[in-house]
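The values are calculated or read from the model by the stated rules, or taken from the named source; none is laboratory data. All values reported here derive from a predicted model rather than from experimental measurement. Cβ sites come from the backbone with ideal geometry, for glycine too, and all protein chains shown count toward neighbours.
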Amino acid sequence: MHGQIAASFRTFGVVPATKNLILIKVATPSTPEVTAESVGAHISSAIQGQQVSFNDEEIAKMTDWSKVKKIYKLSTVPAVGVGKKVPNGVADSPCGDELKELEVVILGSMALRGAAN
């Protein structure tokens, strides 16, 4: 598991100039001291920036599609329902059916990479 986290840091990078960062803290019933408030306070003390809601709209705003396309080799994904390819395979900001198809392709790629490691 730790190897996968390290690989994510190498692939996606976190540097002082990072503008967008999603942090996830997993708590269990055996850690009742971990609350949304305590996690928020810890994150605020360690990260400079503005917290935003975790929803599709905010994630869409921060997605660097050129990086996603490069990392997951999406230049050959056909455009949805068109029967031909879009330049570079994927629109700059895919939406609707194209976004759903991309999510499936990316999740499949992630699953295959995980199974290979």
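Please determine whether any residue of the range 85-96 is at pLDDT 65 or above and of a type in the set (A, V, I, L, M, F, W, C). Lay out the reasoning, then the answer.
Restricting attention to the range 85-96, the residues satisfying the condition of being at pLDDT 65 or above are 93-96.
If we keep only those that are of a type in the set (A, V, I, L, M, F, W, C) too, we end up with 95.
Yes, some residue in the range 85-96 is at pLDDT 65 or above and of a type in the set (A, V, I, L, M, F, W, C).
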Query raised in the report: Given the conditions (1) modelled with pLDDT under 85; (2) not in a helix (DSSP H, G or I), which single one is not true for ARG10?
Result: (2)
Requested in this report: Could you tell me which numbered condition ALA17 fails, if it satisfies all but one of (1) surrounded by 10 or more Cβ atoms within 10 Å (Cβ to Cβ); (2) at pLDDT 80 or above; (3) closer than 19 Å to MET62 by Cβ?
Outcome: (1)
Report summary line: Given the conditions (1) in contact (Cβ under 8 Å) with a residue 40 or more places away in the chain; (2) outside the structural domain of VAL104 (by TED's automatic domain parsing), every one holds for VAL15 apart from (1)
Query raised in the report: Would it be correct to say that ASP64 is among the acidic types (Asp, Glu), loosely packed, with under 12 Cβ neighbours inside 10 Å and modelled with pLDDT under 85?
Result: no
Query raised in the report: Among the residues of the range 20-42, how many are surrounded by 10 or more Cβ atoms within 10 Å (Cβ to Cβ) and closer than 16 Å to PHE54 by Cβ?
Result: 7
